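One structure is given here, and the rest of the page talks about it.
The values are calculated or read from the model by the stated rules, or taken from the named source; none is laboratory data. What you see is a predicted model, and the numbers here were worked out from it, not measured in a lab. Here the Cβ positions follow ideal geometry from the backbone for every residue, glycine too, while neighbour counts run over all protein chains shown. Keep in mind that these areas ignore ligands, DNA and RNA; they rest on the heavy atoms of the full protein, side chains included. Shrake-Rupley method; radii C 1.70, N 1.55, O 1.52, S 1.80 Å.
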Amino acid sequence: METSTPMPAVARKRRRLFSVLAASVVAGLLATSALPAQAAVPAIGVPARLVSMAPPRLIGDPTVGGVLKADVSWANPSVSPEGGAPSFSFYWTRDGQVIPGATNQTYRATAADYGRAVTAFATVTYDPDSTVTLQATETLRIAAKPRARGFNSDNTMDIFARDAAGRLLLYPTDGRGHWQPAQVIGTGWNVFNHIFSPGDFDGDGTVDVMARDSQGRLFLYQGNGSGGWKRAIQVGQGWQEFNAIVGVGDFNGDATNDVLVKDKSNNVLLYPGNGSGGWLQPYTAGWSWGLYDVIVGVGHFGGTSKLEVAGRNAYGGLQIFQTRRDGWFINFAETVGWGWGALSTIGSAGDFNGDDKIDVFGIDRSGQLTMYYGNGADYLASGLPGSFWTGQSTVGWGWGGFTAVF
């Protein structure tokens, strides 16, 4: 008769525990195998792709009221691995601080930007994890309000004209290629042999006028911003030595408007404004300008931050001289038109047709006023020679009776 050895109580407890654990493991394996395959794989995020882009560049008019653009047409964004189309977003800063609400590709400088450093940032995005933000290649100091902002309160182009009776008239526009009613804004201006506008010369935010009398005295007529005057002050003596005096805007990059003159030796001198109605030390900025009988400040005609001056040469060609706003010309002149010798007056007062590009006007010997529409920076994108203009149109008659138009 076989007998079994009794199992100790501790051993019996261990055996039961092992059986329970084994059953649990088997049940767990069965449960796991019953789950969908994708639920058993940990979630893995899509890795960020490498985004590359050249920084944007700033083009446009870096003056109070001028429009700047963060140009990304040359940026050539790419992503690796490839896939998807890029989208862009922008923001602008003033002295390193984000400008609230400035999130468009373009930005119109305000009075708050005067004298401040403005730049843009562009972000290119392919997907939420594949993006890069780059600062523009330029940071531009915003200059005082230029001649192009007009004389009254609407910040659109105006033209000044003096009639034979010595009255000074303002011909305002609506900013969209139409004239508003002319206004008489002064009398007795026939005592002056030269009149021009330097833009905002005294730093008060309004466009001014300067005039030279027969004694060589130069006067500043301070505009009040609504088509009238504050007061007149003498700001110079001995200016009869100059055969050309031109308001050119911020020529030296210190945010104040300056004046360019040509002396009897055909040298060009810069008289830098100090921003409060006076002058800094003048100096010679160019030599041998005797070939040019007309000199005109055309602002940022080319649609870039470079300031430009136009001159008509002895062959009837209109040439553009650029400056980097560092107080000196770039040693190159570009011809933008021929046949300008037929005009008795050439000038530039801003944007006539409302496309935010600087235009040039001319009056022929019959008194016909023609507007020549500038192409701004778009000529850079076209790559076509002779594309500095988008067209021209006659916008007035009877202008030959004025003794000054500017």
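Enumerate the strands (runs of 3 or more DSSP E) found wholly within the stretch 185-261, keeping only those where 1 or more residues are among the β-branched types (V, I, T), under 29 Å from the mean Cα position of the chain (by Cα) and modelled with pLDDT of 95 or more.
Working: elements: 192-199, 208-213, 218-223, 229-236, 242-249.
Those strands (runs of 3 or more DSSP E) span 192-199, 208-213, 242-249.
Have a look at A148, A112 and point out the one that is open to solvent by 50 Å² or more (accessible area, probe 1.4 Å), modelled with pLDDT of 95 or more and assigned to a helix (DSSP H, G or I). Walk me through how you get there before you give the answer.
Values: A148 fails: open to solvent by 50 Å² or more (accessible area, probe 1.4 Å).
A112 is the lone residue from the list that is open to solvent by 50 Å² or more (accessible area, probe 1.4 Å), modelled with pLDDT of 95 or more and assigned to a helix (DSSP H, G or I).
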Q: Kindly indicate the residue of the stretch 352-406 that is in a strand (DSSP E or B) and acidic (D, E) and also surrounded by the fewest Cβ atoms within 10 Å (Cβ to Cβ) among those meeting that condition.
A: D364
Q | Residues satisfying the stated conditions in the stretch 66-78, i.e. surrounded by fewer than 20 Cβ atoms within 10 Å (Cβ to Cβ), in contact with a helix residue (DSSP H, G or I) (Cβ under 9 Å, 6 or more places away or on another chain) and at pLDDT 95 or above | A | none
Q. Out of all the residues in the stretch 153-175, which are modelled with pLDDT of 95 or more and open to solvent by 30 Å² or more (accessible area, probe 1.4 Å)?
A. A164, A165, R167, Y171, D174
Q.
For the stretch 253-268, which positions are out of contact with any Leu (no Cβ under 7 Å at 6 or more places or on another chain) and either under 12 Å from Y283 (Cα atoms) or open to solvent by less than 10 Å² (accessible area, probe 1.4 Å) (or both)?
A. A255, N257, V259, K262, N267
Q) Could you say which residue among G275, G299, G286, G290 is touching a helix residue (DSSP H, G or I) at 6+ places or on another chain (Cβ under 7 Å) and open to solvent by less than 50 Å² (accessible area, probe 1.4 Å)? A) G299
**Q.** Residue ID - nearest to R167 (Cα to Cα), chosen from residues in the stretch 179-235 that are open to solvent by less than 30 Å² (accessible area, probe 1.4 Å) and of a type in the set (F, W, Y)
**A.** W189
